[in-house]
Amino acid sequence: MPESGQVSLERPQAAGGQTLLRFLTCGSVDDGKSTLIGRLLYESAALFDDQLAALERDSRRHGTTGEAIDFALALDGLEAEREQGITIDVAYRYFSTPRRKFIVADTPGHEQYTRNMATGASNCEAAVLLVDARKGLLAQTRRHSIICSLLGIRRVVLAVNKIDLVAFDRARYEEICEEYRAFAKGLDFAAIETVPLSARFGDNVTVPSERTPWFAGAPLLATLEALDGESEAAARSFRLPVQLVIRPDSDFRGFAGTIAGGVLRKGAVVKVSHSGQAASVARIVTPGGDAEQAKTGEAVTVVLSKEIDVARGDVLAEPTQLPEVANQFSANLIWMQPEPLLPGRSYLLRLGTKFTPATVTTIKHRINVNTLDPLPAKALEANEIGVVNIETAQAIAFDAYRDNRETGAFILVDRETRATAGAGMILHGLRRATNVPWQALSVDKRTRATLKRQAPCTLWFTGLSGAGKSTIANLVEARLSRDGFHTMMLDGDNLRHGLNRDLGFSDADRVENIRRVGEVAKILVEAGLIVLCCFISPFRADRRAVRERFDAGEFLEIFVDAPLATCIERDPKGLYRKAIDGRIPNFTGISSAYEPPESPDLVLETQAAAPDELAERVVALLEARGHLRRA
Amino acid sequence: MNALSPTLRRLEAEAIHIIREAAAEFRKPVLLYSIGKDSSVLLHLALKAFRPGRLPFPLLHVDTTWKFKDMIRFRDDTARRLGLDLIVHVNADGLARGIGPVASGSSLHTQVMKTEALRQALDRHGFDAALGGARRDEERSRAKERVFSFRSAGHVWDPRTQRPELWRLFNTRLGPGESMRVFPLSNWTEIDVWHYVAAENIPVVPLYFAARRPVVERDGAMILRDDDRLPLLPGETPALKSVRFRTLGCYPLTGAIESEAATVEDIIAEMLRSRNSERQGRVIDRDETASMERKKREGYF
């Protein structure tokens, strides 16, 4: 063991007024993060004898510190981590002093785990940033500072570690601090504290070190005890995202949720974000019983003075400072899944207690996380951060992340795998959503359709190239036209000569192609027409995104099913031969996947029946669903 | 009742928030009730979360048939007192095969009567979310587990593909056959649990408190012979000692500690002096270094 004369093994008593601080440790790979946390746990007596004994065993097997205990092994909990000597995932650790309980998020330093660092930072109020005194500021140091700043951390402690290895040199310490303060000027930190320390030997970790007599500041632990953790949250405007409605009987109807900003007072008037309906607060039920008021972070159930419509996903808010309600906003987005983010593709967005479909409409730029400079980007890869515009299917209530971390943050969930694909922080609502209201038109869809004796819809033919989509659609349109119905055909090839002539065949361009077609089809349905669309549209997610633009029953997905071998044999445009020869990249069926529909409205097997007969089935479907009103 | 410290108030609010999320987001959640102090706290918080409404989900106890008699009595009293919907599940197949900690050893017993039994019960009732009282400070592979911890079909935990968990925006989406384990006490430590038990006056099983009990020393652990299914080895005679338990499980696998702590306040004072972690008494964790991680991947809670 190191010089442990000052180490106290007394576990501190948790006193009545103990507060809570969540912080993360970050810094480059070998700067000693895990060692520092191990040291804090050890010296605050949060590591027990049997854990220490296990640690001594592991240190001999995997450790990197010779005979001494390798504290890093106490934290790297997964087998793969101990074997490889690296930290893969965020680990949470706990220790306390009489004044404070600490929750520490230990996050990996490796570049590819940026997403884990952001995860750790999202729930923290402060960051301890480690720097190796020998190496000074590294790219990782800057990157982690920038991520902390983006995630809204305002308090940073710069721990200049391994000070023993530079002979406790004051000049070196001051040089690093100065360089860091200059760099951090461009970031959003409210306070930066600095400490010279040695995590390995315990200098300035919990007690002042005699080996740095020139350092007048407090050791790390005292600095962390003194940090202000919660003051900002309480000053914000009142917000309560409703989790659920509690209604045991007809006498009680309460809205349960955790206060995400400001203070709730009995008798105060609150408004529902979406409807703007107002009521006053009749009761506040807290875990400790009824209360006169409750503040940020408390889990409450609110009873209002009168019956108004409130459900999960709504936000109760201060009437004079309502959150923005819109369906378009700009945000910083951290991409987390291996498949890149493509504009136009549909994800599930979760903000507060609400899930809604959403698409990234534009990637404005990517952020260079070493310098904060904007870089041009068409897609976002895993661990990249970009500034994007997002459009949600339903309007949602939000604040800028800068003003409220609870109501300004969101995640995006992949709709196929249900993995968490990205995490975002709202910058601002988009003026075009906020200031360009929908025009209520006096002649509406129903009026136009009634004139035409039909219920408009989109027939979406999907399938491989050469499956017979256009052949069948042409026959269907001819029949409908003959019987006096009003139709319009949208053909992929034709649109690519005009509206979509700026698009190629990359995955990103295919997604945008389908989005535009969906938009045009929707306008034509508004006009009262039966729209026939023939598009390979190979990706399920994109077809679903189009479906969601329509009202229920207005979108009929027709799978024109022919085996690939048959399509290659038919090869009406000679495209398969070119693709097989490698002259067309990304050709569906050859070098790019086709995802067949999971529950189409109709399946047409083109091998089993003649085109005429198949067209008849489409018309029959329209009849059955009530789209055609025959005279 | 003492006033809660700011720390306990925050932990309490966080746990209630998580419990409400589980109730709102899942089709058929269940609370895994293991009768221990953590389960007692979890149940107390769940009741608070929906007050004045009733608990909107049942309790499930996976009974290995080897729990202390005091635990079973406490479980049934609690369910009756609070009017709870309690489901008790025993792996009947395992029982028929004669699986038990004495006959089969701790490893197989735990696998069949706990891990497999839990999977059976979740499948039989179609529960898509199970709330449990596990804490991250208990064991190092738990330190990396999510609050909403995803299980693929077959209840498998893959520590390398866990969903990142940001803010309080839990990703609760599930596909067919997939499920979620939910841990509202993730950020609590053992001492937080006892401080909360003290402040809120929460009933716990009497075995946590010191009393003179007949114990035998075996493999370095003090075992309470709760019934005659545990045969005495040659030369063993139970001795009356003042002991208590830090954690509760199957009685032949749970070691007692010598203690005089007869109240919650005594327990807290004793813990602040203790140099051993609470899982030290658990025989099953010592099997191998990464044993908890392995068991969890297979579906152990």
With the checklist (1) within 22 Å of the chain's Cα centre (by Cα); (2) of a type in the set (Val, Ile, Thr); (3) more than 14 Å from every other protein chain (Cβ to nearest Cβ) in hand, flag the one item residue B:197 doesn't pass. (3)
Could you go through the range A:149-167 and let me know if any residue there is surrounded by 21 or more Cβ atoms within 10 Å (Cβ to Cβ), in contact with a helix residue (DSSP H, G or I) (Cβ under 7 Å, 6 or more places away or on another chain) and either in a loop (DSSP other than H, G, I, E, B) or at positive phi (or both). yes
Restricting attention to strands (runs of 3 or more DSSP E) lying wholly within the range A:306-418, give those where 3 or more residues are farther than 30 Å from residue A:262 by Cβ. A:354-367
State which residue pairs qualify: first residue polar (S, T, N, Q) and inside the range A:323-343, second residue part of a loop (DSSP other than H, G, I, E, B) in any location, beta carbons under 7 Å apart, and separation of 6 or more residues or different chains. A:328/A:430; A:330/A:430; A:337/A:382; A:337/A:414; A:337/A:419
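Condition (residue is touching a Phe, Trp or Tyr at 6+ places or on another chain (Cβ under 6 Å), surrounded by fewer than 21 Cβ atoms within 10 Å (Cβ to Cβ) and touching a residue at least 24 places away in the same chain (Cβ under 8 Å)) applied to the range A:486-508: is it met by at least one residue? Lay out the reasoning, then the answer.
First, the residues of the range A:486-508 that are touching a Phe, Trp or Tyr at 6+ places or on another chain (Cβ under 6 Å): A:492.
Add one more test, that the residue is surrounded by fewer than 21 Cβ atoms within 10 Å (Cβ to Cβ), and what stays is A:492.
Those left that are additionally touching a residue at least 24 places away in the same chain (Cβ under 8 Å): A:492.
The answer is yes; a qualifying residue exists.
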Pairs with Cβ under 9 Å, 6+ apart, first in the range A:280-305 and in the same structural domain as residue A:243 (by TED's automatic domain parsing) and under 15 Å from residue A:318 (Cα atoms), second of a type in the set (Val, Ile, Thr) and not in a strand (DSSP E or B): A:294/A:259; A:295/A:259; A:296/A:259; A:302/A:242; A:304/A:310
Sole residue being within 14 Å of chain B (Cβ to nearest Cβ) and at pLDDT 95 or above, chosen from A:382, A:311, A:358, A:299: A:299
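Among the residues that make up the range B:107-114, is at least one of them out of contact with any Pro (no Cβ under 7 Å at 6 or more places or on another chain), on the phi < 0 side of the Ramachandran plot, surrounded by fewer than 16 Cβ atoms within 10 Å (Cβ to Cβ) and assigned to a helix (DSSP H, G or I)?
As a first pass, look at the range B:107-114 and keep what is out of contact with any Pro (no Cβ under 7 Å at 6 or more places or on another chain): B:107-108, B:110-114.
From what is left, the residues that are on the phi < 0 side of the Ramachandran plot are B:107-108, B:110-114.
Okay, now just the ones that are also surrounded by fewer than 16 Cβ atoms within 10 Å (Cβ to Cβ), so B:107-108.
Still in the list and also assigned to a helix (DSSP H, G or I): B:107-108.
Yes, that holds for at least one residue.
More than 30 Å from residue A:278 (Cβ to Cβ), in contact (Cβ under 8 Å) with a residue 24 or more places away in the chain and either surrounded by 22 or more Cβ atoms within 10 Å (Cβ to Cβ) or assigned by TED's automatic domain parsing to the domain that holds residue A:118 (or both): does that describe residue A:390? If you could, list the steps in order and put the result at the bottom.
Values: more than 30 Å from residue A:278 (Cβ to Cβ): no; in contact (Cβ under 8 Å) with a residue 24 or more places away in the chain: yes; either surrounded by 22 or more Cβ atoms within 10 Å (Cβ to Cβ) or assigned by TED's automatic domain parsing to the domain that holds residue A:118 (or both): yes.
Answer is no for this residue.
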Could you list, in sequence order, all residues of the range A:555-594 that are farther than 16 Å from residue A:462 by Cα and part of a loop (DSSP other than H, G, I, E, B)? A:571, A:572, A:573, A:574, A:581, A:582, A:583, A:584, A:585, A:586, A:590, A:591
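List the helices (runs of 4 or more DSSP H) inside the range A:437-534, counting only whole elements, that have at least 1 residues being over 20 Å from residue A:626 (Cβ atoms).
Working: elements: A:445-451, A:469-482, A:492-497, A:507-526.
Here the list reads A:469-482, A:492-497, A:507-526.
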Just to be sure, is residue B:20 more than 30 Å from residue B:95 (Cα to Cα) and in the same structural domain as residue B:125 (by TED's automatic domain parsing)? yes
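If you check residue B:229 against the conditions, is it assigned to a strand (DSSP E or B), more than 11 Å from chain A (Cβ to nearest Cβ) and touching a residue at least 12 places away in the same chain (Cβ under 8 Å)?
Working: assigned to a strand (DSSP E or B): no; more than 11 Å from chain A (Cβ to nearest Cβ): yes; touching a residue at least 12 places away in the same chain (Cβ under 8 Å): yes.
No; evaluated as a whole, the condition is false for this residue.
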Pairs, please: C-beta under 6 Å, at least 6 apart or cross-chain, first residue surrounded by 12 or more Cβ atoms within 10 Å (Cβ to Cβ) and in the range A:611-627, second among the β-branched types (Val, Ile, Thr)? A:611/A:471; A:611/A:472; A:614/A:472; A:615/A:472; A:615/A:476; A:618/A:476
Criterion first (buried (at least 23 other Cβ atoms within 10 Å of the Cβ), within 13 Å of another protein chain (Cβ to nearest Cβ) and closer than 19 Å to residue B:174 by Cβ) does residue B:130 satisfy it? no
Residue count, the range B:30-89 (criterion: over 18 Å from residue B:197 (Cα atoms), within 15 Å of the chain's Cα centre (by Cα) and in a loop (DSSP other than H, G, I, E, B)): 4
Residues of the range B:135-146 being at pLDDT 85 or above and touching a helix residue (DSSP H, G or I) at 6+ places or on another chain (Cβ under 6 Å), in sequence order, are B:136
Which listed residue, of A:259, A:192, A:176, A:246, is surrounded by fewer than 19 Cβ atoms within 10 Å (Cβ to Cβ) and either touching a residue at least 24 places away in the same chain (Cβ under 8 Å) or under 32 Å from the mean Cα position of the chain (by Cα) (or both): A:192
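Looking only at residues in the range A:462-485 that are among the basic types (Lys, Arg) and surrounded by fewer than 18 Cβ atoms within 10 Å (Cβ to Cβ), which one is modelled with the highest pLDDT?
The first filter runs over the range A:462-485 and keeps only residues among the basic types (Lys, Arg), leaving A:469, A:479, A:482.
Next, only the ones that are surrounded by fewer than 18 Cβ atoms within 10 Å (Cβ to Cβ) stay: A:479, A:482.
Numbers: A:479: 90, A:482: 84.
If we take residues in the range A:462-485 being among the basic types (Lys, Arg) and surrounded by fewer than 18 Cβ atoms within 10 Å (Cβ to Cβ), then A:479 is modelled with the highest pLDDT.
Residue B:124 - would you say it is farther than 21 Å from residue B:182 by Cβ, assigned by TED's automatic domain parsing to the domain that holds residue B:20 and either among the aromatic types (Phe, Trp, Tyr) or surrounded by fewer than 14 Cβ atoms within 10 Å (Cβ to Cβ) (or both)? If you could, list the steps in order and put the result at the bottom.
Numbers: farther than 21 Å from residue B:182 by Cβ: no; assigned by TED's automatic domain parsing to the domain that holds residue B:20: yes; either among the aromatic types (Phe, Trp, Tyr) or surrounded by fewer than 14 Cβ atoms within 10 Å (Cβ to Cβ) (or both): yes.
For residue B:124, the condition - farther than 21 Å from residue B:182 by Cβ, assigned by TED's automatic domain parsing to the domain that holds residue B:20 and either among the aromatic types (Phe, Trp, Tyr) or surrounded by fewer than 14 Cβ atoms within 10 Å (Cβ to Cβ) (or both) - is not met.
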In this structure, is residue A:275 in a loop (DSSP other than H, G, I, E, B) and not assigned by TED's automatic domain parsing to the domain that holds residue A:360? yes
Being more than 8 Å from chain B (Cβ to nearest Cβ) and part of a strand (DSSP E or B) is the filter here, so list the residues in the range A:240-253 that pass it. A:240, A:241, A:245, A:249, A:253
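In the range A:395-433, which residue that is within 12 Å of chain B (Cβ to nearest Cβ) and β-branched (Val, Ile, Thr) is nearest to the chain's Cα centre (by Cα)?
Within the range A:395-433, the match that is nearest to the chain's Cα centre (by Cα) is A:411.
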Looking at residue B:255, is it within 26 Å of residue B:98 (Cα to Cα) and within 14 Å of another protein chain (Cβ to nearest Cβ)? yes
Over 21 Å from residue B:21 (Cβ atoms) and in contact (Cβ under 8 Å) with a residue 24 or more places away in the chain, is that true of residue B:102? yes
In the range A:401-415, how many are surrounded by fewer than 22 Cβ atoms within 10 Å (Cβ to Cβ) and under 19 Å from residue A:271 (Cβ atoms)? 1
Note down all Cβ pairs under 9 Å where the first residue falls in the range B:51-62 and is surrounded by fewer than 18 Cβ atoms within 10 Å (Cβ to Cβ), the second is of a type in the set (D, E, K, R) and modelled with pLDDT under 95, and they're at least six residues apart or on different chains. B:52/A:249
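The values are calculated or read from the model by the stated rules, or taken from the named source; none is laboratory data. Since this is a predicted model, take the numbers as computed values, not measurements. Ideal geometry is used to build each Cβ from the backbone, glycine not excepted, and the neighbour counts take in all protein chains shown.
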